[in-house]
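S.K.: Please read through the structure below; I'll follow up with questions.
No value in this document is a laboratory result; all are computed from the given coordinates. All values reported here derive from a predicted model rather than from experimental measurement. Cβ placement follows ideal geometry from the backbone for every residue including glycine, while neighbour counts extend to all protein chains displayed.
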Amino acid sequence: MSASDNFDGLKVMVIDDSNTIRRSAEIFLGKTGARVVLAEDGFDALAKIADHQPDLIFCDVMMPRLDGYQTCALIKKSPKFKSTPVVMLSSKDGLFDKAKGRMVGSDHYLTKPFTKDSLLQAVAEFARRPPEPVSAAQAAAAAADQAHAAAAYQQAPQQERAGQQAAGPATVAAPELKSPELDLPEGDLPQPAVDLFKPSEKFTLSLV
């Protein structure tokens, strides 16, 4: 392990319904000194975020109950955790999937199965990135990038979009969740009955 792979004290959350992926990430990150928090799905993660306050979150896309896009959107809508970097994990790496991730505010996209080097590279790039003031030019570029991602999603073939939705969790009638600037991909999101980010809160779902 090189000096650049020393992440002592860094808190990293890994959200994935695969025990193999969670265990692999825990081994790779644990050897660097990072503190690893594991979650089996989106609801499990949202219940742990306030308690552990991770510096970086890896989030699987395809999960039961609450998928990765919905989980990321909820994290990014939280005033307290919206600046926490979120890296999406998926076995798919197409333009459509990456655009969908950008629309909900994800910072990066890592293809599974990942290697130790690719995982640690993502940690080094996003968890150690120093905060910089955002200039007007950078803000405009970010807005243009997000608009491009939205356009890519809208231009995707209707059959592909329908297939993506069919592969997700069961549809329920609930209010549509929106990102700060763009509509999220079509699909209903179960809304928790309490504040998800309250430490150690035991919550239940209230589906309308």
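S.K.: For the range 57-132, just say rounded, prolate or oblate: build the C-alpha gyration tensor, square-root its eigenvalues into a ≥ b ≥ c, call rounded for a/c under 1.5, and beyond that prolate if a/b exceeds b/c, oblate if not. Spell out each step's value before the answer.
M.R.: Numbers: a/c = 1.69, a/b = 1.02, b/c = 1.66.
Oblate shape, in that a/c is at least 1.5 and b/c is the bigger or equal ratio.
S.K.: Suppose every K and R has +1 on its Cβ and every D and E has -1 on its Cβ; what is the size of the dipole of the range 1-146 about the Cα centre, in Debye to the nearest 20? Each step should come with its number before you reach the end.
M.R.: Values: 19 positive and 19 negative charges, 40 e Å.
Here the range 1-146 has a charge dipole of around 200 debye.
S.K.: Take the residue pairs Lys11/Lys80; Lys31/Lys100; Lys76/Lys116 and return only those whose Cα atoms are more than 22 Å apart.
M.R.: Values: Lys11/Lys80 16 Å; Lys31/Lys100 32 Å; Lys76/Lys116 27 Å.
Violating the 22 Å Cα-Cα cut-off are Lys31/Lys100; Lys76/Lys116.
S.K.: Along Cα→Cβ, 7 Å out, is where each label goes; now give me the distance between the ones at Arg35 and Gln121 in nm to one decimal.
M.R.: With each label placed 7 Å out from Cα toward Cβ, I get 2.9 nm.
S.K.: Which whole-Hz ³J(HN,Hα) couplings does the range 64-78 yield from phi under the Karplus relation 6.51 cos²θ - 1.76 cosθ + 1.60, θ = phi - 60°, glycine and proline marked x?
M.R.: x, 6, 9, 6, x, 5, 5, 4, 4, 4, 5, 5, 6, 7, 7
S.K.: Could I ask something else about it? Inverting the mean 1/r over all pairs of different Cα atoms, compute the Kirkwood radius of the range 1-155 and quote it in Å. Write out the running numbers ahead of the final one.
M.R.: Values: mean 1/r = 0.0628 Å⁻¹.
Hydrodynamic radius (Kirkwood, Cα pairs) of the range 1-155 is 15.9 Å.
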